[in-house]
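Report on one structure; see the data block that follows.
The values are calculated or read from the model by the stated rules, or taken from the named source; none is laboratory data. Small disclaimer: the values here were computed from a predicted structure and weren't measured. Here Cβ is always computed from backbone atoms with ideal geometry, including for glycine, and neighbour counts include all displayed protein chains.
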Amino acid sequence: MSINLLPDLSLEDVLNEQRNAHPNQSLKNTLAMHLPKRLVECLQQLGQIPDVSLRQLNVRDQQALVDTLTAWQVQPNGTEGYRTAEVTLGGVDTNELSSRTMEARRVPGLYFIGEVMDVTGWLGGYNFQWAWSSAWACAQDLAAKR
């Protein structure tokens, strides 16, 4: 997986501008203006960021740094498992349900709501909202059929 840690700016431009304005400033401090300081320190300890001033940063090292920070390679190695999962994937295909009532298209009178459906929202209450909203839609249809 490749991540651009600085998607909203040109790191080359920032480094060149800072080098002209503050040539003795450390590369670490320059980067810490745009990235979390602890991340910069960690990357420096891992040898990804040279311990030099902007004046000392050569073209080859600058390009390597730009390449590293704009195409950071991450290899996920697993999860913490089902026990700590916030949501799980899978469930009833929403294409098989009425989006207005949550009723199964193939089996009238059979309804599905909430997390039993193949719907996953962002963290922050979206999955709760989906559960409540789909239940409300289902209840409205059931009440109308009474």
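When residues in segment 40-59 are screened for being at pLDDT below 95, assigned to a loop (DSSP other than H, G, I, E, B) and among the polar types (S, T, N, Q), 2 of them pass.
Filtered by the rule that a residue be over 15 Å from Asp61 (Cα atoms) and over 30 Å from the mean Cα position of the chain (by Cα), segment 18-36 gives Asn20, Ala21, His22, Pro23, Asn24, Gln25. Can you find even one residue in segment 98-118 that is loosely packed, with under 13 Cβ neighbours inside 10 Å, free of Cβ contacts under 8 Å to residues at least 40 places away in the same chain and within 19 Å of Leu11 (Cβ to Cβ)? Within segment 98-118, none of the residues are loosely packed, with under 13 Cβ neighbours inside 10 Å, free of Cβ contacts under 8 Å to residues at least 40 places away in the same chain and within 19 Å of Leu11 (Cβ to Cβ). Report yes if some residue within segment 82-97 is more than 21 Å from the chain's Cα centre (by Cα) and hydrophobic (A, V, I, L, M, F, W, C); otherwise report no. Within segment 82-97, one or more residues are more than 21 Å from the chain's Cα centre (by Cα) and hydrophobic (A, V, I, L, M, F, W, C).
The set of residues in segment 1-39 that are in a loop (DSSP other than H, G, I, E, B) and within 15 Å of Arg55 (Cβ to Cβ) comprises His22, Pro23, Asn24, Gln25.
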